[in-house]
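One structure is given here, and the rest of the page talks about it.
The values are calculated or read from the model by the stated rules, or taken from the named source; none is laboratory data. Small disclaimer: the values here were computed from a predicted structure and weren't measured. So basically every Cβ, Gly included, is an ideal-geometry build from the backbone, and we count neighbours across all protein chains shown. Accessible surface areas use protein heavy atoms only, side chains included; no ligands, DNA or RNA. Shrake-Rupley method; radii C 1.70, N 1.55, O 1.52, S 1.80 Å.
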Amino acid sequence: RAQQPDATFSYGDHPLHTCDFHSTGEGARPLIVFLHGGAWQFGDKARRLQDRKAAFAHGEGWHFAAVNFRLVPEACIAEMAGDVAAALADIMARAAELGIDAARIVLMGHSSGAHLAALVGTDPRYLAAHELEPHALAGVIAIDGAAYDANRPSAGRMFERWLVAPAFPADCRAELSPSHHAGHGANARSFLILHADRHHGEQQARSLEQALRTAGTRVE
């Protein structure tokens, strides 16, 4: 049965600037903010409504939120990451109202959403636009992500051409790569990186792990 959010609110002017909030009860509780996948081109915050993400978070005493953002080709990846940062800033501004412990907010993403979560958690420019820094995030959970290093392949040649290349102009791939920024040290406080048993997926995960460890960021 589809899970209905306790509240849906807008964090900007675009129709996709929306967030679903699933409360787990009263009191200042930690929060997981989820970013959907879809090759930066597809997907929705209500995707896979029958899964157990919100229910699992509630079982652990966490609130759960799912965010929509603009997609390629309407927006570029930098603008998408800007949307995510704006959503986080809006959530933090609503922390008292929603019963969120603002010091314990974790950004979680799957596939292309994992890339966006890692990018916002490593490149300080996005949160800086809202007078925040990556360290404001207690952590990032990156699930089976792609393009942490956009100069390396994330999939086989066909899928790379169809799903990854349209989102990454050749002249700015480093700027859109979390692995490029992570080594500079201005990162979210901790990272959990999960990858499927695929060659390219593991290589991408290891590239991000190595950069985070170089910066002294806690990573599993």
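Observations
- Averaging the sequence gap over all C-alpha pairs within less than 8 Å and six or more residues apart, then dividing by the number of residues, gives the stretch 107-151 a relative contact order of 55 percent.
- Averaged per residue, the chain has 46 square angstrom of accessible surface, using a 1.4 angstrom probe with ligands and nucleic acids left out.
- In the stretch 7-93, GluC sites (Glu not before Pro) in a DSSP loop with at most 13 other beta-carbon atoms within 10 Å: E26, E60, E74
- The share of accessible area on the chain that comes from carbon and sulfur is 52 percent, using a 1.4 angstrom probe.
- Heavy-atom accessible surface of H135, to the nearest 10 Å², is about 100 Å², with a 1.4 Å probe and all protein chains retained.
- Convex hull volume per residue, computed on the Cα atoms of the chain, equals 117 Å³.
- Here is how the number arises for the chain: DSSP H runs of 4 or more residues each give -39500 (n - 2.57), the sum is divided by the residue count, and the result at 222 nm is -8000 deg cm²/dmol.
- In summary, the convex hull built on the alpha carbon positions of the stretch 51-116 has an orientation-averaged projected area of 5.1 nm².
- Acute angle (nearest 10 degrees) that the helix 199-214 long axis makes with the longest principal axis of the chain, alpha-carbon atoms: 70
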